[in-house]
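Every number in this text was worked out from the coordinates using simple rules, so none of it is lab data. From a predicted model like this one, the values you see are computed outputs, not experimental measurements. Heads up, the Cβs are rebuilt from the backbone with ideal geometry, glycines too, and the neighbour counts pull from every protein chain shown.
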Amino acid sequence: MKTCLIGIALCCILSSCAGPFLAKQDPVCQATAFMGGQEYTVQVYGVREVAHQTEFRAGYPFNWRWVNKNNFTRSNCSK
C-alpha cells in the first residue's frame, strides 16, 4: 500500500513539471473551409510549403494536422 501511494505521488509531481513544456500556441491566421454544407472558420497555427504546395496546420475541425491549402475557400495567411 505504501509503494502504491509513493507511485501516485511521484506521478503527480512529474505531471506538474510538464506545464511549461505544453505552452499554448497562438494562431498565425484564419482560413475558411466549406464542409458538410456549412462554412467553418478555422484557426491556422502554422504555414509551410512542401513540394511546391502550401499546407496549413489547422485546428478544429482538422484536429491540428497539416492540411493542403486547397481545402479552404479563403484565408488571410501570408503564403
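For region 58-79, which positions are closer than 11 Å to A31 by Cβ, under 11 Å from the mean Cα position of the chain (by Cα) and in a strand (DSSP E or B)? Answer for region 58-79, where residues must be closer than 11 Å to A31 by Cβ, under 11 Å from the mean Cα position of the chain (by Cα) and in a strand (DSSP E or B): just A58. Starting from region 33-52, keep only residues that are within 15 Å of N76 (Cα to Cα), then list their pairs with residues that are in a strand (DSSP E or B) and among the charged types (D, E, K, R) whose Cβ atoms are within a distance under 7 Å, requiring at least 6 positions of separation or different chains. Close Cβ pairs (under 7 Å, with a partner that is in a strand (DSSP E or B) and among the charged types (D, E, K, R)) amount to V44/R57; Y45/R57; G46/R57; R48/E55.
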